[in-house]
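Only the coordinates and a few stated rules stand behind these numbers; no lab work does. Just so it is clear, the structure is predicted and the values come from calculations on it, not from any experiment. Here the Cβ is made from the backbone with ideal geometry for all residues, glycine too, and neighbour counts use every protein chain on show.
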Amino acid sequence: MRWSAPFLSVALFTVACSAGDKADGGTSGSSVRTPATGSDMAPATASAKPLGHALSGTLVERIAVAPYVYLRLRTANGELWAAVLEAPLTVGAPVTVYNALLMEQFESKTLNRTFDRIYFGSLDAPGTQPTEMAGAPVSADAQVAPVAKATGADARTIAELWTQKDRLANRVVSVRGTVVKYNAAVMGKNWIHLQDGSGDAATGTHDITVTTLEAVTVGATVTISGTVRLNRDVGAGYTFAVLIEDAKLVAK
């Protein structure tokens, strides 16, 4: 899997604060609680505005809701909230959030709070390889045992998807594979990584990313049908060389 730039900057994040807290400058230091259940969907109705530069500050508070974490930062312009993929950060440490996007009136359904202002971004500097991301490609040693190819005229192995990608662009294909990674409710979709034992782990052609509204489990063998997209930019300069979008689960 080929990737550019750092992170899916508009993703799902969750935070809970006691009544009276604010998610922008001037946030109070009152305690934060994390509900045990629930999940947020992507901020479909929130207003997104690019910041245009990185945010830097001192970490005052962190609230982890795996696989994400909210960060309250003290900056030169006051306190603000930012959200990134979970990372081992400690209170008092300097933090820089890159490719920040301002979301206004973002509602966290999981934690029952609406943020007046919060910045979504990445801890990975532009031009570096992300350390972790929702839907990130699995490592080379995770290649699975061969899986029988899907049937039908539109059926392709994962290796064939990569070698035939130019002529498959914007076409519907069927792929059968093993779910090696699953991230639910990111940007309003579920993200699946499939492998079928074909392709080359060294070049990333053994793995394909799929977006869907259907739920699956890691380790399951599934057949999906979706549309092939090339060089799909999902925000913050992050591009999928090959992505199967809006997939339906044909067989579990």
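Things worth noting here:
- When each of Phe115, Phe240 is scored by the number of other beta-carbon atoms lying within 10 Å, the sequence from fewest to most is Phe240, Phe115.
- Here the spin labels are modelled as points 7 Å beyond Cα on the Cα-Cβ line, and at Arg74 and Ala220 they lie 4.7 nm apart.
- Full extension of the chain between Gln164 and Thr151 yields a length gain of 3.0 nm, computed as 0.36 nm times the residue separation minus the alpha carbon distance.
- For the range 140-251, the relative contact order comes to 27 percent (Cα pairs under 8 Å, sequence separation of at least 6).
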